[in-house]
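To start, the structure under review is shown below, and the notes come after it.
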Amino acid sequence: MGAYASIIVEVFLPDQGVEMQNFAKVIAAREDWLMERVLSYAQARGYTKFTSSLKEAWRLSINGLSEALLRALTGTPEAMELGAEDTYTDDPASAFAVAEARLHRIRGISLGMFLGLLKYYRQSYLDLVDKADLVGEGRLQAKYFLDRFFDRVEVAVASEWSSFSEQGKHNELREANRSIVLEKNRYQTLFETLSTPVVFINSEGLIQNLNIAAISWLGQTARNEAVSPQLPGQNHGHAAQVAAFRGRSAVEVFTWLEQPLKRILQDGETRLSYLQHLGEGASARDIIATISAHKNLGGTFEGFVLVVQDVTELTRSREQLSQTNRLLETEVQLRTKALEETNARLKGEVRERELYQQALTESASLYRAVVEDQGELICRFRPDGTILFANMAYTRIFGSRLVSEAEGPHMILHEGEQRSLKELLALLTEARPVQSFEQRATAPSGQTVWYSWTCRGNFSDAGVLEACQLVGGDVTRAREAEQALRELNESLEKTVRERTEKLDERARSFERMNKNLQMQIESRKRAEAALAKAADEQQVKVRQITALYGLAEALGTHWASVQEMLDKAVGALQLGWRSQGSTAGEIVFDGQAYRSRDYQDDCECLVRPLTVLSQERGSVKICSSKPFEPGNKKVFKKDEEALLTSMTRQIERSLEAHLSHSRLSQSEREFREFFDNAAEAIFIHDEQGRIMDVNKNAGIWLNLPTDGLVGLNLLDFTAVEDRETMAGRFLNSLRETPEVFRVTLRRKDGFAIPLELLCQAQDYQGRKVLVSSGRNISKRQQAEAEAQRRMDQELLLSGISSRLVNAIGVEVASAMTDTLAEICGFLGMQRAAIYHYDESKKRFELSHQWHAEDLPALPKELKYLGRIKTPWLFERSMTQEWLTIRDVEHLPPAAHKEKRLLAGAGVSCLTAIPMSIRGRLQGLFMVACRNTAALSLPDPQLLLQFAPMFSNVMLRQHIRTALNENVSLTSSILNALSTFLCVLDKHGAITLVNRAWRQHGDKTGPAVAASLSVGGDYLDFCRKAAELGDKYAVAIHEGISSVLTGQSSLFQLEFSSRSGPALRWYLLEATPSGKGVRGAVVSHLNITAKKRAERRLSRNETRYRTLIEALHEGLLMIRKGGIMAYLNDQFAKMLGWPRSTLLGRRPEDYVAAESLSRLTALLSPGIETRHAEEIIWKHASGRHVYTLVSASAALDEEGNVMGTFAVVTQKL
């Protein structure tokens, strides 16, 4: 459950009854159960076919609905009743469901389907109530509340749904379709730019789609395997290459894929990865093929996804590396380990670089595909002419491109058309934000071209035109057709005019040319026939133009889907033909055919390909409704072929415009979903703090609807004294400097939310705005406060411990008093005391005390606490009970003596803690105050941590006395030791030496003996020796200094020194003198005999290791657990495996089955030596190795069996 729901349960619901509190906790804790319950209902009733297949989407719906329900629980029960004049669409309890209903309506879900699924949401919550531990009245209240809550939600959904106009629904569907196409394009671009070959295979085993990398890899594989040099689709565009593979059998293209596909289908595996070797010789390739079975949420199998990774170079590198490792391993085992570590690091770096390169490639391709590869001319600009964005198609036509506003205004349209643009911008209003016009331009080749533009204006909330978007296409062919028709009409009119003049002239001269009357009549008949023929032709042209305009009108309507548009277009396709009434049309787009009523396949037809966004997506066909018979004249003329071409071009442009618009709508919807589903609260506002847009979390945190926050000022939600500082932060962020700062927002109900705001400038709807994202840091502040409190406590304990440990002699009393003062200051107490327990007198004696300046010291009556004077306090202290007196006046009657003494000393409350070491009572530690308030401690265990410190100080004082009495005994013990010992103070001066040290110093001469006797400076002696070239003196000086300063607790050094002709070895060891005393104890131990024995052992070990490695027999040592702990190179060569592979494995893993029992008996633990047995081993290549193996027990230094030695002799 989200953070907001947790706040509701913890803060607001305590005002409700216990039953409703339990009900709320059940809702908040059982989110996963509700999600699974609703999903099971939806699957059983077939709703999952129309919803998301991701479980997270169902979880989000349960989360939002539960938060709305918990918000409703904070109100009164009367607020959930259904009033006659209630406005449910603004109800906070149903706001989430209404928002979800809008999203589902955009996706094409009907009201009945949505309410049906909502019923099963209600049923799931009711099932949860039945399952929960709610009894009696609590269960009835929960069910009644759920019924009323879902009643309000259903009424709100129905009201909002019915209030939406048909035009609004049409606009929503259009935006949804555009978003779907954009999403598809985005993933298609990502799929095409993957550097790894990927192939989609449908459930019938046919290739459905493959990316560019797959086509390239197939071409490379075909060349390496010397197959046909001309692959399907080679030397053609990518679309043709994909079309050549689509529909082919995957097993036919990838011959090695048959068995893996059968394995997945038969065994039911969902994912299979395996290594495949292709080809032989230099052209051989190694690949890792990963096949994943794809199933939808309903469990229906839909096909496979094949991902191919070419690992040839990696395999070859591994083989070469393996060979190199085997060669190097025979020489130096340590170098082999170093090479393996280096190889692992290199592999990691190569992989990281590959992932980085892949991420860069995907990001760059996605950007180019979405922004640059648009077929239409797209441009965004301001009313003053500043271009904000232009795609590549627009740039190719107009030769310039502007991305930065700082470059100033650029020419938007061709020269000579600026005036028409200004007039068009004047026509843009909020009521009519879209205008269309045509523009003439000159192409780089010098040819005149025409463009059809659609201009959409973006208005601010104040109705000011902020930016415009132009979307254009080339309509040159349509204009040329119109010009040709215009010229033909003028030619016909001229012909008619000339013929009419001739007829008039002949009529006036009729009387004079009576003899030629017959000839004139015939001539007139021929002219009338020609005129009729021309009129027929003109009528055909007019009919064709009318058909083109009718098709344009059908396509120009804003259709909700491509299907509706093409259904309407195929009807208009039958108009304009000479044989009108006996023709039928067909439009095929993406495999879907749209036909008129009388369409037949066996008739004479004209066909044109349908190319949309540079891809052939179908065809346009016009056919005669009469069957074709040999010998008949052709139904369609040449001019009708041009008519079909023009109609096809119109359909192509309309489809491109519709698809482009759908893609843009999809992108905008996805951005909004991401914006609203962000975990942080996001505010879009200007530099004054006026909110322009917010996401859903911002409304939840401020307990206001998101629409209601727009127009408010963000500064109004902060304290007055913080507003000026926050406004300054806004101005700094607007200067391209992101600001991160903390602020506390306060809701209208007074609830405070501490936030950490990240404020940065962004472009939004053509202007610079601020985007502030806030993160709730309530828990972080609590953690910081707790950490600070613990840090203060630790510092207090550390300081007290350091002070008490370093206090010596007379310093102890002052240190104890300072410590008591510091403790009282930290706890807010006015008095503290430490009592020492005198076991011989059976009483507590006051040792140390501290009191505030305005208080007197404890009276003499309280300097001793015994069984007679304070019996009640004494008895409890003797049992080591932690005693807390919160008010002296409320002590029991048995403590009347203590009450009188404490009241007389001005003590109102106190806490007494027994101090003990290993269960032995040492004394009492007390803190007291003169107020009757309850004792307040940061941590209940804090006072218990002080008690051992005081106990140790008191015990240390007691021990010091005992140590002083035993100095002579200690001196005797030190003098009896043969080790050279001396004690240094914290400055390095010698304070004590034993007899062995003095005798050795006397042998070295008077000068050295004086420097190393009591009072001499040992560190100074080391410095002088270092200046004379002693190679050990510097290390000894630094090591002893680190012990004296407390940086090290132990320093050891082995050094050599000549005593006459003999070389002597000594072990120098320096340790701290002890707790509370800064200094060091330095000892010199003669280890000459040990060093000589180690050298002899090292030489013997080297000699034996050389002998073992030179043996022709294999040698291995098996520990008790059956693991090979050592083996020589000869044994590794026998089996053909590297030593690193065999070490740590069981020998039984490499033995043939027939020799397993013999080897097990031979290697069983025991002291006796076993006779040789014939053992058959499995070589790495698969062949058998025949050997004789003898075994004996491996013993440790004490003669215990620790394993088995085996000698392996290979038989020839």
| task | Determine if segment 1113-1136 includes at least one residue that is loosely packed, with under 12 Cβ neighbours inside 10 Å, modelled with pLDDT of 85 or more, part of a loop (DSSP other than H, G, I, E, B) and small (Gly, Ala, Ser). | result | no
| note | Residues of segment 968-1013 being without any contact (Cβ under 8 Å) to a residue 24 or more places away in the chain and charged (D, E, K, R), in sequence order, are Arg995, Arg998, Asp1002, Lys1003
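Looking at Arg1092, is it over 30 Å from Arg960 (Cβ atoms), outside the structural domain of Val1201 (by TED's automatic domain parsing) and surrounded by fewer than 16 Cβ atoms within 10 Å (Cβ to Cβ)? Explain how you work it out, then say what you get.
Numbers: over 30 Å from Arg960 (Cβ atoms): yes; outside the structural domain of Val1201 (by TED's automatic domain parsing): yes; surrounded by fewer than 16 Cβ atoms within 10 Å (Cβ to Cβ): yes.
Here the answer is yes, as Arg1092 does meet what is asked.
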| Within segment 728-789, which strands (runs of 3 or more DSSP E) (wholly inside it) include 1 or more residues that are closer than 24 Å to Phe389 by Cβ and not assigned by TED's automatic domain parsing to the domain that holds Arg382? | 752-764, 767-776
| Whichever residue in segment 716-727 is touching a strand residue (DSSP E or B) at 6+ places or on another chain (Cβ under 9 Å) and modelled with pLDDT of 85 or more and, among such residues, is surrounded by the most Cβ atoms within 10 Å (Cβ to Cβ) | Phe717
| Counting only residues that are within 10 Å of Arg746 (Cβ to Cβ) and not hydrophobic (A, V, I, L, M, F, W, C), which one in segment 713-728 is farthest from the chain's Cα centre (by Cα)? | Asp716
| message | Give me the residue from segment 1153-1205 that is among the basic types (Lys, Arg) and modelled with pLDDT of 80 or more and, out of that set, surrounded by the fewest Cβ atoms within 10 Å (Cβ to Cβ). | response | Arg1183
| Restricted to segment 1053-1076, and to residues that are closer than 20 Å to Leu992 by Cα and either surrounded by fewer than 15 Cβ atoms within 10 Å (Cβ to Cβ) or assigned by TED's automatic domain parsing to the domain that holds Arg956 (or both), which residue is modelled with the lowest pLDDT? | Lys1075
| query | From Ser61, Ser94, which residue is at pLDDT below 80 and not β-branched (Val, Ile, Thr)? | reply | Ser94
| request: Specify the residue that is nearest to Ser110 (Cα to Cα); the eligible residues are those in segment 57-82 that are of a type in the set (Asp, Glu) and in contact with a helix residue (DSSP H, G or I) (Cβ under 9 Å, 6 or more places away or on another chain). | output: Glu67
| What pairs can you find where one residue is in segment 800-823 and assigned by TED's automatic domain parsing to the domain that holds Val953 and more than 18 Å from Val927 (Cβ to Cβ), the other is hydrophobic (A, V, I, L, M, F, W, C) and surrounded by fewer than 16 Cβ atoms within 10 Å (Cβ to Cβ), and their Cβ atoms are less than 8 Å apart, with a gap of 6+ or different chains? | Ile808/Val1077
| message | Restricting to segment 409-456, and then to whatever is at pLDDT 80 or above, buried (at least 16 other Cβ atoms within 10 Å of the Cβ) and of a type in the set (Val, Ile, Thr), can you tell me which residue is nearest to Asp474 (Cα to Cα)? | response | Val449
| task | Looking only at segment 1020-1032, decide whether some residue is closer than 17 Å to Ile990 by Cα, at pLDDT 85 or above and among the acidic types (Asp, Glu). | result | yes
| Scope segment 1098-1117; condition among the charged types (D, E, K, R) and in contact with a strand residue (DSSP E or B) (Cβ under 7 Å, 6 or more places away or on another chain); matching residues | Glu1113
| Leading residue by the ranking (nearest to Glu490 (Cα to Cα)) among those in segment 537-577 that are among the β-branched types (Val, Ile, Thr) and assigned to a helix (DSSP H, G or I) | Val542
| note | Going through segment 578-601 in order, the residues found to be at pLDDT 75 or above and either assigned to a helix (DSSP H, G or I) or over 21 Å from Val612 (Cα atoms) (or both) are Ser582, Thr583, Ala584, Ser596, Arg597, Tyr599
| Condition met for Pro609 (in contact with an Asp or Glu (Cβ under 6 Å, 6 or more places away or on another chain) and at pLDDT below 80) | no
| message | Which residue is nearest to Leu1163 (Cα to Cα), if the candidates are limited to segment 1196-1212 and must be within 56 Å of the chain's Cα centre (by Cα) and among the aliphatic types (A, V, I, L, M)? | response | Ala1206
| message | Out of everything in segment 729-756 that is farther than 21 Å from Arg775 by Cβ and under 30 Å from the mean Cα position of the chain (by Cα), what residue ends up being surrounded by the fewest Cβ atoms within 10 Å (Cβ to Cβ)? | response | Glu736
| said: I need a count of the residues in segment 584-606 that are surrounded by fewer than 15 Cβ atoms within 10 Å (Cβ to Cβ) and free of Cβ contacts under 8 Å to residues at least 24 places away in the same chain. | reply: 3
| Subset tally (residues that are under 14 Å from Arg1158 (Cβ atoms) and among the polar types (S, T, N, Q)) for segment 1187-1203 | 2
| said: Let me spell it out: the conditions are (1) of a type in the set (A, V, I, L, M); (2) touching a helix residue (DSSP H, G or I) at 6+ places or on another chain (Cβ under 7 Å); (3) crowded, with 16+ Cβ neighbours inside 10 Å, and Leu977 meets all of them except one. Which number is the exception? | reply: (3)
| query | Can you tell me which residues in segment 17-52 are assigned to a helix (DSSP H, G or I) and of a type in the set (Gly, Ala, Ser)? | reply | Ala24, Ala28, Ala29, Ser40, Ala42, Ala44
| Residues of segment 877-908 satisfying the condition of being part of a loop (DSSP other than H, G, I, E, B) and on the phi < 0 side of the Ramachandran plot | Thr879, Glu881, Trp882, Arg886, Asp887, Leu891, Pro892, Ala905, Val907, Ser908
| task | Among the residues of segment 1008-1049, write down those that are under 24 Å from Leu974 (Cα atoms) and surrounded by fewer than 13 Cβ atoms within 10 Å (Cβ to Cβ). | result | Ala1010, Gly1015, Ser1049
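The values are calculated or read from the model by the stated rules, or taken from the named source; none is laboratory data. These figures come from a predicted structure and were not determined experimentally. For neighbour counting, all protein chains shown are included, and Cβ atoms are generated from backbone atoms with ideal geometry for every residue, glycine included.
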